[in-house]
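Reading through the structure tokens given below for one structure.
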Amino acid sequence: MRKYSLFIFLFLSLHFSAQILSENQKLESLCRVWGFLKYYHPHVSKGNLSWDQQLFKKINELEKVNDKKALNNLYSNWIAEIGKVKECTECLQENNTPYFLKNFDLSWMDNSDIFTPEVSQKLHYIENNRNIGNQHYLGKNGRKVFFRNENSYGPQFSSKQISLLELFRYWNYVEYFFPYKYETDQNWNDVLTEMIPKFLSVDNDTDYQLILAELVTKTDDSHAYLFSTLISLHQYGNRKLPVEYSYAEGKLVITKVNENRFHEKTPFNIGDVIYDVKGKTIPQIINSLGKYIPASNSWGKVNKIKSKLLFSNNDSLSVKLERDGQNIEVTAKTYFVKDIIVKKGSPPQPWKFLDKEKKVGYVNMGILTKDEVNEMYRNLSSAESIIFDIRNYPKLTIIPLSELLLPQSTTYYQFNFPETSYPGKFYSRKNNIGRKNPDYYKGNVIVLVDENTQSQAETTTMMFKQHPNSKVIGSNTSGANGDIIKFKIADLDTCFTGLGAYYPDGRETQRIGIIPDILIKPTVEGIKNGKDEVLERALLYIKNKN
């Protein structure tokens, strides 16, 4: 018995001293080291090596590595092969920049379960003597960055190595350059742990693109997307019911029934309320599709998915709806979009008065152009109140509007920009808008917002809030603010927010949105009756204020 116990003890001692590593542990460490060297090592970041090929080589070499010692030998030799790093005296100089550090995390270098002290020291040496000049894989446009000089391997599944490359490339983009990494629901390190086995298990084009979409979705950013016709066909289909609708209270209210080029009758009426599609409620459908739809919050996810809810790959679609107090089930023919005839009404006006007395002006911010701002103001400046409807995307009108509406220059936003000389860190700048203007607009500035108010629209809303008589009415905005970085992953168009945007005091809008002063959302009954309840609430506010 003593011999058996001694054997067990010796076996366990040898086992743990070797520190056997799992495949996931090895690949996670490779992703981090490869990405770090890409942006920090002077020879790599200047484009002196074929860095994708280096990754393919190391993925193959990892198959022969089983323990911590062998893994660290691999990394130590790799760092030596890349080339000697000269001391960077400028890197060591004291920097008084007040960096935003919530995203910065190189603590993985000191994980003693993975790295030996020798390798950790080498990685930190590279950090302290990093490339602070031009980057081969990064470009700058003003204070914004863009990714460049990346090889494309196509959207089709081809090999385990290329799948892992796309995962590692995207993961490190977010790791070092996504300003809101710290706000994702799932810790970004845990995302890597979860996604590696999924990318390893992929073996066909559809699953490959779906897993890429799932990865992008984990940014929890309404700016993000993955443009894939294959996913669109797989998830939604290319046929749809010939109706238009609005979303409210988890249901779809039909607002228009379109004709089709076959002159076939469609069994829907304006005012029908659809609450079930193919046996699932609308919220259930949104939840099932949400895994592949990146959004900053729940209302942003609804906003992205709602236009696709009546699409199908079949030539008919079964829905349940409410009509005249009764619940009925309807199976209707679907059509290709090209076969649906959409009659357009008169184009909306960029501005108008809402009353005969010309006391209330109205501006459609999605139509008003920069060149029209002065003319609009000449027409509406005599009004006691101007309603700016920004439940849409404005046309770069923020600066000329601020110069007419605001009494003085004011700080309205703080932006965080990526620090390319120290990837992972961000620096802050406060932005002023407006000018000293004793003739500023003295009336009421009413701003209408909802989940369609995103990015530039949210920034513009923050400008309006600087007016002394402003009031924001509606529901929370999208919660995706700051300019975007567009790029490709697996040769598919994608993007995420590229700079952080905050209130002047540092409070966040990302994922939260701008919270209105008066909360009001459309209802099913309101839509059925053709009402704009948000606009009506604004008019009531003006009436009570006067």
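Here are the numbers for this structure:
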{"quantity": "Complete set of residues in region 109-136 that are of a type in the set (A, V, I, L, M, F, W, C), within 29 Å of the chain's Cα centre (by Cα) and crowded, with 17+ Cβ neighbours inside 10 Å", "calculated": "MET109"}
{"quantity": "GLN326 being at pLDDT 95 or above, closer than 30 Å to GLY279 by Cβ and open to solvent by 90 Å² or more (accessible area, probe 1.4 Å)", "calculated": "yes"}
{"quantity": "Some residue of region 377-395 being at pLDDT 95 or above, under 30 Å from LYS140 (Cα atoms) and not in a loop (DSSP other than H, G, I, E, B)", "calculated": "yes"}
{"quantity": "Tally of residues being open to solvent by less than 30 Å² (accessible area, probe 1.4 Å) and part of a loop (DSSP other than H, G, I, E, B) across region 137-158", "calculated": "3"}
{"quantity": "Sole residue being aliphatic (A, V, I, L, M), under 20 Å from ILE341 (Cβ atoms) and not in a loop (DSSP other than H, G, I, E, B), chosen from ILE305, ILE254, ILE270", "calculated": "ILE254"}
{"quantity": "Which numbered condition GLN93 fails, given (1) under 20 Å from HIS43 (Cα atoms); (2) more than 31 Å from the chain's Cα centre (by Cα); (3) open to solvent by 60 Å² or more (accessible area, probe 1.4 Å); (4) of a type outside the set (Phe, Trp, Tyr)", "calculated": "(1)"}
{"quantity": "Residue satisfying condition, being surrounded by 15 or more Cβ atoms within 10 Å (Cβ to Cβ) and either among the acidic types (Asp, Glu) or closer than 30 Å to GLU183 by Cβ (or both), within set LYS306, LYS251, LYS320", "calculated": "LYS306"}
{"quantity": "Number of the exception - THR219 against (1) in a helix (DSSP H, G or I); (2) of a type in the set (Val, Ile, Thr); (3) open to solvent by less than 10 Å² (accessible area, probe 1.4 Å); (4) more than 27 Å from ILE520 (Cβ to Cβ)", "calculated": "(1)"}
{"quantity": "Residues of region 31-64 satisfying the condition of being crowded, with 19+ Cβ neighbours inside 10 Å, touching a helix residue (DSSP H, G or I) at 6+ places or on another chain (Cβ under 7 Å) and farther than 19 Å from LEU192 by Cα", "calculated": "TYR40, HIS41, VAL44, SER45, TRP51"}
{"quantity": "Selection status of ASN297, farther than 16 Å from VAL216 by Cα and modelled with pLDDT of 95 or more", "calculated": "no"}
{"quantity": "Criterion (loosely packed, with under 15 Cβ neighbours inside 10 Å and in a loop (DSSP other than H, G, I, E, B)) met by exactly one of LYS291, LYS343", "calculated": "LYS343"}
{"quantity": "Count - residues of region 162-188 that are in contact (Cβ under 8 Å) with a residue 24 or more places away in the chain and open to solvent by 40 Å² or more (accessible area, probe 1.4 Å)", "calculated": "3"}
{"quantity": "Selection within region 400-457 - surrounded by fewer than 17 Cβ atoms within 10 Å (Cβ to Cβ) and among the small types (Gly, Ala, Ser)", "calculated": "SER409, SER421, SER428"}
{"quantity": "Hey, LEU212 under 21 Å from the mean Cα position of the chain (by Cα) and crowded, with 18+ Cβ neighbours inside 10 Å or not", "calculated": "yes"}
{"quantity": "Unique residue being out of contact with any strand residue (DSSP E or B) (no Cβ under 7 Å at 6 or more places or on another chain) and buried (at least 20 other Cβ atoms within 10 Å of the Cβ) when the list is ILE286, ILE282, ILE231, ILE274", "calculated": "ILE286"}
{"quantity": "Every pair of residues 6+ apart whose Cβ atoms lie under 6 Å, when the first sits in region 517-546 and is within 19 Å of ASP355 (Cα to Cα) while the second is of a type in the set (S, T, N, Q) and open to solvent by less than 100 Å² (accessible area, probe 1.4 Å)", "calculated": "ILE542/SER385"}
{"quantity": "Residues (closer than 18 Å to SER45 by Cβ and outside any loop (DSSP other than H, G, I, E, B)) located in region 410-427", "calculated": "PRO418"}
{"quantity": "Exclusive hit being free of Cβ contacts under 8 Å to residues at least 60 places away in the same chain and either polar (S, T, N, Q) or under 18 Å from VAL447 (Cβ atoms) (or both), set GLY345, GLY366", "calculated": "GLY366"}
{"quantity": "Lone unmet requirement of (1) among the polar types (S, T, N, Q); (2) in contact with a strand residue (DSSP E or B) (Cβ under 8 Å, 6 or more places away or on another chain); (3) surrounded by 15 or more Cβ atoms within 10 Å (Cβ to Cβ) for ASN469", "calculated": "(3)"}
{"quantity": "Count of residues meeting criterion [surrounded by fewer than 18 Cβ atoms within 10 Å (Cβ to Cβ) and not acidic (Asp, Glu)] in region 355-391", "calculated": "12"}
{"quantity": "Members of region 346-376 found to be β-branched (Val, Ile, Thr) and in a helix (DSSP H, G or I), listed by number", "calculated": "VAL373"}
{"quantity": "Inter-residue pairs, beta-carbon under 7 Å, first within 22 Å of SER475 (Cα to Cα) and in region 284-302, second open to solvent by 60 Å² or more (accessible area, probe 1.4 Å) and at pLDDT 95 or above, 6+ apart", "calculated": "ILE293/LYS304; PRO294/TYR225; ALA295/LYS304; VAL302/TYR247"}
{"quantity": "Elements of type strands (runs of 3 or more DSSP E) contained in region 436-519, each with 3 or more residues being under 22 Å from the mean Cα position of the chain (by Cα)", "calculated": "484-489, 492-497, 500-502"}
{"quantity": "Which listed residue, of GLY279, GLY271, is in contact (Cβ under 8 Å) with a residue 60 or more places away in the chain and on the phi > 0 side of the Ramachandran plot", "calculated": "GLY271"}
{"quantity": "In region 72-94, the residues that are of a type in the set (A, V, I, L, M) and under 18 Å from HIS124 (Cβ atoms)", "calculated": "ILE79, ALA80, ILE82, VAL85, LEU92"}
{"quantity": "Pair list, Cβ < 7 Å and 6+ apart or interchain, from region 106-122 residues that are closer than 10 Å to SER76 by Cα to residues that are open to solvent by 30 Å² or more (accessible area, probe 1.4 Å)", "calculated": "SER120/ASP110"}
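The values are calculated or read from the model by the stated rules, or taken from the named source; none is laboratory data. Since the structure is predicted, the reported quantities are computational estimates derived from the model, not experimental observations. Because the Cβ atoms are built from the backbone with ideal geometry, glycine has one as well, and the counts that use them run over all protein chains shown. All accessible areas refer to the heavy atoms of the entire protein, side chains included, with ligands and DNA or RNA removed. Shrake-Rupley method; radii C 1.70, N 1.55, O 1.52, S 1.80 Å.
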